[in-house]
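Right, one structure below, let's go through it.
The values are calculated or read from the model by the stated rules, or taken from the named source; none is laboratory data. Owing to the predicted nature of the structure, the values given are computational and were not obtained by experimental measurement. Here Cβ is always computed from backbone atoms with ideal geometry, including for glycine, and neighbour counts include all displayed protein chains. For accessibility, only protein heavy atoms count, side chains too; no ligands or nucleic acids. Shrake-Rupley method; radii C 1.70, N 1.55, O 1.52, S 1.80 Å.
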Amino acid sequence: MGDKANAHPGAAGRATAADHPASVRNVVLVGHSGSGKTTLVEALALTAGAVNRAGRVEDGTAVSDYDEIEHRQQRSVQLSLVPVTWDGYKINILDTPGYADFVGELRAGLRAADAALFVVSAADGVDGSTRMVWEECAAVGMPRAIVITHLEAARADFDTMTRTCAEAFGADDPDAVLPLYLPLHGEPGPDGHAPVTGLIGLLSQRLFDYSSGEREESEPGDGQLPLIEEARNRLIEGIIAESEDETLMDRYLGGEEIDFKTLAQDLERAVARGAFFPVLAAAPAAEGARQGLGTVELLELVTGGFPTPLERAAPAVTTPDGAAREVRACDPDGPLVAEVVKTASDPYVGRVSLVRVFSGTLRPDATVHVSGHGLTDRGHEDHDVDERVGALSAPFGKQQRALTHCIAGDLACVAKLNRAETGDTLSAKDDPLLMEPWQMPDPLLPLAIQAHSKADEDKLSQGLGRLVAEDPTMRLEQNQHTHQVVLWCLGEAHADVALERLRSRYGVQVDVVPHKVSLRETFAARSAGRGRHVKQSGGHGQYAICEIEVEPLPNGSGIEFVDKVVGGAVPRQFIPSVEKGVRAQAARGVAAGHPLIDVRITLLDGKAHSVDSSDAAFQTAGALALREAAAEARIHLLEPVAEVTVMVGDDYVGAVMSDLSGRRGRVVGTEQTSGGRTLVRAEVPEMEIGRYAVDLRSLSHGTARFRRSYARHEPMPPQIAERMRERTRDAS
């Protein structure tokens, strides 16, 4: 691995179906937007011979970021798979978006991969979001490595950035984050900046020169070895500290020279265990060149140091009814257990599912069981259906290259699974199984939409259904109280992509409208009302009189109806009619058109006519009585209050608490947690946090996360309530 002296790029080629899990490597690229992940993917594909020197496949498209939306937005917005082969291994490279709004795509990539390559720009450093993803990987023991890009930037400094990475990622053990190579610089240009032209291996003490466009290996000059001595000694000590051979450190400290093969093997084991995190450097190939700087070293690290799918424990598996089921990890001959990590719609092929197989072997035209459970809170209904698998393929840009099979540990695209959604489990139809879903962030930015025209209205439901089936970080809400269709998204960019996909992919034009919160009304004090509905216009008339009393109840009581009529003033058969009338009026509201809640309505007296009284008449009288009682009373306008919890770095606690207070929030407590973070609990009116997902990200530089849940409705401040009533009057 790494700087093996006999490394060469000879065994390159396009991805094919893997025949054994040991020959597969699944690696996900992680990093902030602009760190150079997609450029690195294309450079690796070029070095592996999967694309031409222009970084394109046969149809002229890039292997990544080929979607029209990505071209228009000039950034990755979705997970993409680029399979290549190197030295007899199949490498599934999963390129993820770096922008925080598309963290769902990142989580899907982490689920499908067995190791992570963190891409850090030498010009920009490590941001808070990347640190948080590193901690997520650490929590599950995922092996990781770091590659530093943008070395051509004027202010790039590999040594400084390596120390920055050790500080950011090596909180527990900085000596576990160390470089395997040091960059070699050419002659300084007119601006004084010396370009990086090669690498020198710290273990093998070999020089790898990329200045010609091809990787050329040679012995370093006598003057170069002293420059790497300190870094080499530190690397060797770091590797030995993680070695499973406990005698190795004593031998090294005793002056014994540890041979290269032993060090390389121990390094590979430590990386695969997630105990050591090597730092490498990479740069894209110059125009016309075949290999980018550091790409061979990265491919060697992936094939030699990253774990095989055999070394990863499969997620928990149950039957659809919840009974635990033991499944041997990554057995191609075992029961079929595969998971849909991403779904997309192709205008020609239909729905295409990216699938990771954890057990068994998936074959074209087989009938499989599709299980989807556990995402009902996001609008995904539980489902169990049998479907026939279409063609299996490996993606290359827009192309799909046919595969004959997909074994445990490998990934493939599956066509024509019309009911499968992201997160669903595929298993044998006679042995249905269900995998525990991975954690997804809650979408907390509401986007209220309506169809632009009648033609759009006819297609809107189907388009929205496909959107949420593809993206589990998007939730669809049909709000019965505000009568709005609301898409809950992760941020503004996420919302923009959703609207663009509706328009371009599903032909649905929508308008964005202001999002409404579900307001309520209640009585501030006891009041009485009399409803009189008496009409005579020939034939049977209408006659109903009822007298009621309304009193407020504690929060959450709903509407209580009490009958206290004596002497048959209101015949027994019409008392339910009065109740139906007042409840219908309560649902319509009594002041500003919002539902009435938390009151007791008592029917005290009334009058009836032996001929003209009817069910409809007493319903009308009941509604009139409630309206009269409201006209004589002070009505509170109630707004929903959310319980908000914010996990934020200690540096931003003061700013977050001040911001919450400015939103009419009440901070109810704080709690110190690990990793220099604080959990802030507050109660905030929902009207004030519609854009909190966006504002908090800006306030905390992307390092804070929050959750919200409905707490209760409570009276709105009088001045705000009056403004809301004025808007209602103006609208009517």
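Identify, from the list SER204, SER243, the residue that is open to solvent by less than 50 Å² (accessible area, probe 1.4 Å), in a loop (DSSP other than H, G, I, E, B), touching a helix residue (DSSP H, G or I) at 6+ places or on another chain (Cβ under 9 Å) and under 26 Å from GLU136 (Cα atoms).
The conditions single out SER243.
State all residues of the stretch 448-459 that are open to solvent by 20 Å² or more (accessible area, probe 1.4 Å) and in contact (Cβ under 8 Å) with a residue 12 or more places away in the chain; if no residue qualifies, say none.
GLN450, ALA451, HIS452, SER453, LYS459, listed by residue number.
Pairs under 8 Å by beta carbon, first residue free of Cβ contacts under 8 Å to residues at least 12 places away in the same chain in the stretch 317-329, partner open to solvent by less than 50 Å² (accessible area, probe 1.4 Å) and part of a strand (DSSP E or B), six or more apart or different chains?
Pairs found: ALA324/VAL317; ALA324/THR318; GLU326/VAL317.
Give the stretch 326-363 a look and list any residue that's at pLDDT below 90, surrounded by 16 or more Cβ atoms within 10 Å (Cβ to Cβ) and part of a loop (DSSP other than H, G, I, E, B), or say none.
Passing the criteria: VAL327, ALA329.
Quick check on my filter: what residues within the stretch 105-135 are acidic (Asp, Glu) and either in contact with a helix residue (DSSP H, G or I) (Cβ under 7 Å, 6 or more places away or on another chain) or farther than 24 Å from ASP410 by Cβ (or both)?
Within the stretch 105-135, ASP114, ASP124, ASP127, GLU135 meet the criteria.
Among the residues of the stretch 32-50, which ones are open to solvent by 20 Å² or more (accessible area, probe 1.4 Å), of a type in the set (Gly, Ala, Ser) and under 26 Å from the mean Cα position of the chain (by Cα)?
SER33, GLY34
Quick check on ILE236: is it modelled with pLDDT of 85 or more, under 30 Å from GLY141 (Cβ atoms), more than 43 Å from the chain's Cα centre (by Cα) and open to solvent by less than 70 Å² (accessible area, probe 1.4 Å)?
Here the answer is no, as ILE236 does not meet what is asked.
Would you check which residues across the stretch 212-230 are aliphatic (A, V, I, L, M) and either within 25 Å of PRO284 (Cα to Cα) or assigned to a loop (DSSP other than H, G, I, E, B) (or both) and list them?
Once the filter is applied, which keeps residues that are aliphatic (A, V, I, L, M) and either within 25 Å of PRO284 (Cα to Cα) or assigned to a loop (DSSP other than H, G, I, E, B) (or both), the stretch 212-230 yields only ILE228.
If ARG466 satisfies every condition in (1) surrounded by 18 or more Cβ atoms within 10 Å (Cβ to Cβ); (2) modelled with pLDDT of 90 or more; (3) of a type outside the set (Ser, Thr, Tyr); (4) touching a strand residue (DSSP E or B) at 6+ places or on another chain (Cβ under 7 Å) but one, which is the exception?
(2)
Can you tell me which residues in the stretch 469-509 are touching a strand residue (DSSP E or B) at 6+ places or on another chain (Cβ under 7 Å), within 24 Å of ASN418 (Cβ to Cβ), open to solvent by less than 20 Å² (accessible area, probe 1.4 Å) and touching a residue at least 60 places away in the same chain (Cβ under 8 Å)?
Within the stretch 469-509, ALA469, GLU470, MET474 qualify.
Report, by residue number, each residue of the stretch 154-203 that is more than 17 Å from GLU230 (Cβ to Cβ) and among the hydroxyl-bearing types (Ser, Thr, Tyr).
Residues satisfying the conditions are THR164, THR197.
Hey, could you check the stretch 457-493 for residues that are part of a strand (DSSP E or B) and touching a Phe, Trp or Tyr at 6+ places or on another chain (Cβ under 9 Å) and say which is nearest to ASP101 (Cα to Cα)?
Residue satisfying both the conditions and the ranking: ARG475.
Return the total of residues in the stretch 170-201 being under 28 Å from the mean Cα position of the chain (by Cα) and open to solvent by less than 10 Å² (accessible area, probe 1.4 Å).
The number of residues fulfilling the criteria is 2.
Out of (1) part of a loop (DSSP other than H, G, I, E, B); (2) under 24 Å from ASP124 (Cβ atoms), the odd one out for PRO183 is which?
(1)
Please report, ordered by residue number, the helices (runs of 4 or more DSSP H) entirely within the stretch 644-732 with at least 1 residues that are open to solvent by 40 Å² or more (accessible area, probe 1.4 Å) and farther than 28 Å from GLU492 by Cα.
Output list reads 718-731.
Condition first: within 39 Å of the chain's Cα centre (by Cα), surrounded by 18 or more Cβ atoms within 10 Å (Cβ to Cβ) and closer than 12 Å to ASP598 by Cα. Can you find one or more residues in the stretch 555-566 that meet it?
No; the residues of the stretch 555-566 include none that is within 39 Å of the chain's Cα centre (by Cα), surrounded by 18 or more Cβ atoms within 10 Å (Cβ to Cβ) and closer than 12 Å to ASP598 by Cα.
Could you look through the stretch 121-144, keep only residues that are part of a loop (DSSP other than H, G, I, E, B) and within 20 Å of GLY36 (Cα to Cα), and pick out the one that is least open to solvent (accessible area, probe 1.4 Å)?
Looking at the filtered set, the residue picked out is ALA122.
Might you let me know whether the stretch 630-638 holds any residue that is touching a His at 6+ places or on another chain (Cβ under 6 Å) and buried (at least 18 other Cβ atoms within 10 Å of the Cβ)?
So far as the stretch 630-638 goes, yes, one or more of its residues are touching a His at 6+ places or on another chain (Cβ under 6 Å) and buried (at least 18 other Cβ atoms within 10 Å of the Cβ).
Of all residues in the stretch 270-292, how many are among the aliphatic types (A, V, I, L, M), open to solvent by 10 Å² or more (accessible area, probe 1.4 Å) and modelled with pLDDT of 90 or more?
2
Could you list, in sequence order, the residues of the stretch 422-456 that are outside any loop (DSSP other than H, G, I, E, B) and farther than 18 Å from PRO315 by Cβ?
Once the filter is applied, which keeps residues that are outside any loop (DSSP other than H, G, I, E, B) and farther than 18 Å from PRO315 by Cβ, the stretch 422-456 yields LEU445, PRO446, LEU447, ALA448, ILE449, GLN450, ALA451, LYS454, ALA455, ASP456.
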